[in-house]
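Data first, discussion second: the structure below is written as structure tokens.
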Amino acid sequence: MTYCIAMRLSEGLVFASDTRTNAGVDQIASFRKMHLFQQAGERCFTLLTSGNLATSQNLINRLQNQIVEGEEPNLYSASSLFHAAELIGQQVKSIISQNAQGQQNAGVDFGCHILFGGQIRGEGPRLFHIYPEGNFIEATEDTPYLQIGESKYGKPILDRIIHYDTGLTPAVKCALISFDSTMHSNLSVGMPLDILVYRNDTLELSMERIEEDDEYFNRLRKSWSAGIKLLFDDMP
């Protein structure tokens, strides 16, 4: 399992994902769920993936090969974020359909959910949740964040704090607390975490990895836990 968050805010975009993948209590590994595509000064995209790991890896390889081989359409030739989301949706649907036709599909869920966002020069930043069926929804000012994976434990803090005008720095802090709450309640979500903050119109992406011993994250976790306990004790 995994947990991923993406936000479209007035100042830009925030993406966060864990790296844990498990197929049972004795098969736990780490795989990157955040994937970057960028064309200097023209466009930049971030994809977060959850679900079947083989499907998501196949998808990323297909998208990369389309660009390298000049196959049309591809992420670097799409005229808009909407058309890029359509392209990804078509590929997800094709991969799942192809895998489901195999002979060893009994009880296997080939589904893969994608959070896809970024910006193309001349167009504002956009954010989409792409479903295994290939269709998708878009984040709006009323619903500025999207989640995939093990989302229920970290959702309450997002609902209370995140709105469209939330600054990027508070949004990252809220995302980290959301992950802390999730990891406290579900062992299938774990460190390290990948964080990406994109400011509008920069057209440049840079991912940061937060390890188990990260000083700020550990201080934040302790402060949040202590603050909740203090508030609870002070309530009548």
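Read the figures in this text as sums done on the coordinates, not as results from a lab. Predicted model, so just to flag it, every value in this text is computed and none were measured. Using ideal geometry, Cβ is built from the backbone for each residue, glycine included, and neighbour counts are taken over all protein chains shown.
General remarks:
- Estimated inter-spin distance, Lys152 and Leu187, nm [label 7 Å along Cα→Cβ]: 1.9
- Gyration tensor over the Cα atoms of the chain: the corresponding equivalent ellipsoid has semi-axes (square roots of 5 times the eigenvalues, largest first) of 30, 23, 15 Å.
- Net charge in the neighbourhood of Phe217 (other residues with Cβ under 14 Å of its Cβ; Lys, Arg +1, Asp, Glu -1) is -4.
- Set of lysines near Lys33 by C-alpha distance (under 30 Å), chain-local residues within fewer than 8 positions excluded: Lys93, Lys152, Lys155, Lys173, Lys222
- Cα-based shape type of segment 102-236, given that a ≥ b ≥ c are square roots of the gyration tensor eigenvalues and the cut on a/c is 1.5: oblate
- Exposure proxy shown here: for Thr166, Thr143, Thr2, the number of other Cβ atoms within 10 Å sets the order, fewest to most, as Thr143, Thr166, Thr2.
- Positive minus negative residues near Tyr153 (Lys, Arg vs Asp, Glu; Cβ under 13 Å): -2
- Per residue Cα convex hull volume in Å³ - calculated over segment 165-233: 110
- Extension gain from Asn218 to Val108, taking 0.36 nm per residue of separation minus the Cα-Cα distance: 35.9 nm
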